Protein chains: 2
Amino acid sequence: MDLINRISSERSQFSKSERKVAELILHEPEQAIHRSIASLAALADVSEPTVNRFCRRLGCKGYPDFKLQLAQSLAQGTPYVNRDIEESDNVDQITQKIFDSTLNALNIARQSLDSRPITAAVETMVAARKIAFFGFGASASVAHDAQNKFARFDTPSVFSDDLLVQRMWAINSEPGDVLVCISHTGRTKALCEIAAIAYENKATVIGITAAHSPLSDSCHFTVSTNVPEDTDQYMPMASRIAQLVLIDAIIAGYTLQRGPEFREKLARVKEGLKGSRYSKQTTTKQ
Amino acid sequence: MDLINRISSERSQFSKSERKVAELILHEPEQAIHRSIASLAALADVSEPTVNRFCRRLGCKGYPDFKLQLAQSLAQGTPYVNRDIEESDNVDQITQKIFDSTLNALNIARQSLDSRPITAAVETMVAARKIAFFGFGASASVAHDAQNKFARFDTPSVFSDDLLVQRMWAINSEPGDVLVCISHTGRTKALCEIAAIAYENKATVIGITAAHSPLSDSCHFTVSTNVPEDTDQYMPMASRIAQLVLIDAIIAGYTLQRGPEFREKLARVKEGLKGSRYSKQTTTKQ
DNA sequence: CGTGTTTTTGTAACTTTACTACATTTAGAC
DNA sequence: GTCTAAATGTAGTAAAGTTACAAAAACACG
């Protein structure tokens, strides 16, 4: 959580003198970052060590570190107050909050990534004969997205959210084939079954799902994102965004691994898509 | 202009020793802000006054002031100087860079959002008789995702990436029906046609697309995200993530607008989904 | 309502950090 | 090669932040 908000929310835990410092900083944070500890202490009518202790209580290494964090907190625009959406919020507030929590979730996910399974995924996919992306519900659109990106590549790929289509693919799978199973919880029964079938057929099964879940047990390796809890109470939000970005990373890795000639192919695909679009010169009403 | 970019762009004007400092800071700006002038000077293999002069040349009052501005510059959504993926990057670096640029794009999108069309979208959808989400290519999976979320609601909704299905829906559309057209560029010919047909039939057409594009001309209103340029040269990455988050916001708005009884329904849907999953107690191999 | 204890706050010495003045080196011009 | 100017470094100084300890305030308990 952001420093300014922490000061604000932990206000009650401060001692009397520390509170004087807190009030001063919350009142004019922009000024505070340009002051020395002595000048700030004098202004708050407390001693310098009190200011120093105040900084430490907030988890900073000292006063300079505190100033640094405060400066960052200010630069961030920081509407970062209460992330939970409330009954009384208007659409603008809701939108900001959704963006904020997604940003927050992505940031946390980024920090807790393990590059080893990602590297393994890239290598497996570069070597793949054919690749399938399967998922249900919200994860179906993630799988859909992944396959869409692979459609530009020359490795045959399929997406399906159809139980029977998935099953048929799994039954027909062979060594060298890759199955990417996407699930937020890793507990969708149907998908676990499909993964197990493909596993038995010696296809490489990659899970983009929760670590140590039933699904991950049927995967050769699992790429997981460590998203805190989900933004929305009723459906996956931030977690699937993290999955999508993760897939972007895998795709970027794949593209790079394939070398420069491959990127030339991609450029040709992009060029070829132009025919389906109006050119930028087209006049519009506005 | 932002400090980091200034350092980068004024690189040529620095003297030899100052350039050493500049390189070091551009290479690891996060580290630099936690160092003392002495430690930074030693690392760059120059003297302390050289670092100090470097700071002054950039218009800072001194080294502490420089650190402060650098910290702010970093916190500010950080238009990272060179976040482009390079041939020599390993998978870990690629992943970090993809996450970084997505975070950056989302942050910029957040700051440039216009809440009016979002509010309009929420209101329109709450009042809708039935809703369709259409898109092609990468936007198809975005549309897919949106419909997936609406599947939990009681308003009938469809998704399609099939030209003919879309056309049939558009032809059958009536006042009170809502069509959400998703396109990154807003220039996909086929989708413009579909939008125009629905428009003529007096359905409400919402565009989640670029402002002032051919597609937005056939929409009653357009919700657009102002994502800088795309992360990846060959396919939409950050832009579609922004679209997804935008849709999340619309959905959150919709849910809230519908009131508490509606949220009870959602809770029931969630409960009902449990049957398709293994419960958390299920033992796993690990 | 005092006494012992704990917590809070301040004082003063100390350490670290940044800055300034000046000396030295380096690079370029003639 | 020598002179000049720019760049860089050295050493001393001033300022800032930190630590250790002592005083004061708040609190608990008889």
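Let me know the shape class of region A:140-265, please: from the alpha-carbon gyration tensor, a ≥ b ≥ c as square roots of the eigenvalues, rounded when a/c is under 1.5, otherwise prolate if a/b is greater than b/c, or oblate. Judged from the Cα gyration tensor, region A:140-265 comes out oblate (a/c at least 1.5, b/c at or above a/b). Here region A:3-75 is treated with +1 on each Lys and Arg Cβ and -1 on each Asp and Glu Cβ, and its dipole about the Cα centre works out to around 240 debye. Using only the Cα atoms of region A:3-75, build the gyration tensor, take square roots of its eigenvalues as a ≥ b ≥ c, and label the shape rounded, prolate or oblate: rounded if a/c is under 1.5, else prolate if a/b is larger than b/c, else oblate. Because its axes are fairly even, with a/c under 1.5, region A:3-75 counts as rounded.
Solvent-accessible surface of protein heavy atoms, probed at 1.4 angstrom with all chains present, puts B:His144, B:His212 in the order B:His212, B:His144, largest first.
With no solvent and one equal point scatterer placed on each C-alpha of region A:112-198, evaluate the Debye formula and give log10 I(q)/I(0) for q = 0.13, 0.15, 0.18, 0.24 Å⁻¹, two decimals. Those come out to -0.40, -0.53, -0.78, -1.33, one per q. Toward the positive end of the charge dipole of region A:237-279, with +1 on the Cβ of Lys and Arg and -1 on the Cβ of Asp and Glu, the farthest Cα among A:Leu256, A:Val245, A:Ala267 is that of A:Ala267. Please identify the GluC sites (Glu not before Pro) of region A:139-240 that satisfy two criteria: DSSP loop assignment and at most 12 other Cβ atoms within 10 Å. Which are they? Loop-located and lightly packed - A:Glu229. Computed from point charges on the beta carbon alone (+1 for Lys and Arg, -1 for Asp and Glu), the dipole magnitude for chain A about its Cα centre is near 760 Debye. Got a number for carbon plus sulfur as a percent of region B:3-75's accessible area, 1.4 Å probe? Whole-percent figure for carbon plus sulfur exposure: 48. Placing a label point 7 Å from Cα along the Cα-to-Cβ axis, A:Arg11 is separated from the same position in the other copies by 4.6 nm, shortest listed first. FRET efficiency for the A:Asp154 to B:Glu23 pair, using the beta carbon distance and R₀ = 41 Å, is estimated at 0.55.
Once C-alpha pairs closer than 8 Å and six or more residues apart are averaged by separation and normalised to the residue number of chain B, the relative contact order reads 14 percent. For the protein assembly as shown, the antiparallel share of DSSP beta bridges with both residues in that region comes to about 5%. Only Lys, Arg, Asp and Glu carry charge here, each on its Cβ (+1 for the first two, -1 for the last two); on that basis the protein assembly as shown has a dipole of about 380 debye about its Cα centre. Going by accessible surface with a 1.4 Å probe and the largest first, A:Met168, A:Met125 read A:Met168, A:Met125.
Compute the angle between helix B:138-150 and the longest alpha-carbon principal axis of chain B, please, reported from 0 to 90 degrees and rounded to the nearest 10. With both axes taken from Cα atoms, the answer is about 60 degrees. Relative to the longest principal axis of the Cα atoms of chain B, the long axis of helix B:63-75 makes an angle of roughly 20 degrees. Given a 1.4 Å probe, how much area per residue of the protein assembly as shown is accessible, in Å²? About 45 Å² of surface per residue is accessible.
Applying both filters, DSSP loop and at most 16 other Cβ atoms within 10 Å, to the trypsin sites (Lys or Arg not before Pro) of region B:1-62 gives B:Lys61. Using a probe of 1.4 Å on the protein chains alone, the accessible area found for B:Ser12 is around 90 Å². For the protein assembly as shown, the alpha-carbon radius of gyration amounts to 1.05 times the rule-of-thumb value 2.2 N^0.38 Å expected for a compact globular protein. For region A:115-274, the relative contact order is 22 percent, taking Cα pairs closer than 8 Å that sit 6 or more residues apart in sequence and dividing their mean separation by the residue count.
When only DSSP loop residues count, what GluC sites (Glu not before Pro) in region A:1-73 have their Cβ near at most 15 other Cβ atoms within 10 Å?
Details: sites: A:Glu10, A:Glu18, A:Glu23, A:Glu30; in loops: A:Glu10.
Filter output for region A:1-73: A:Glu10.
For B:Leu40, the solvent-accessible surface computed with a 1.4 Å probe is close to 0 Å², ligands and nucleic acids excluded.
Percent of Cα pairs in chain A per distance bin of 10 Å, from zero to the largest separation: 6, 22, 21, 19, 15, 11, 5, 0. The shape of region A:1-146 comes out prolate: with a ≥ b ≥ c from the C-alpha gyration tensor, a/c is at least 1.5 and a/b beats b/c.
Projecting 7 Å from Cα along the Cα-to-Cβ direction, the label point of B:Asp45 sits 5.6 nm from its equivalents in the other copies, listed shortest first. Could you give the angle, 0 to 90 degrees to the nearest 10, between helix B:48-57's Cα long axis and the longest principal axis of the Cα atoms of chain B? Taking Cα atoms only, the helix is inclined about 50 degrees.
Excluding ligands, DNA and RNA and using a 1.4 Å probe, chains B and A jointly bury around 7900 Å² of accessible surface, summed across both partners. The other copies place their A:Phe221 label points at 4.8 nm from this one, listed shortest first, where each point is 7 Å from Cα along Cα→Cβ.
The values are calculated or read from the model by the stated rules, or taken from the named source; none is laboratory data. Nothing here was measured: the structure is a model prediction, and the numbers come from that model. Every residue, glycine as well, gets a Cβ built from its backbone with ideal geometry; the counts of neighbours run over all protein chains shown. The area values use the complete protein model at the heavy-atom level, side chains included, leaving out ligands, DNA and RNA. Shrake-Rupley method; radii C 1.70, N 1.55, O 1.52, S 1.80 Å.
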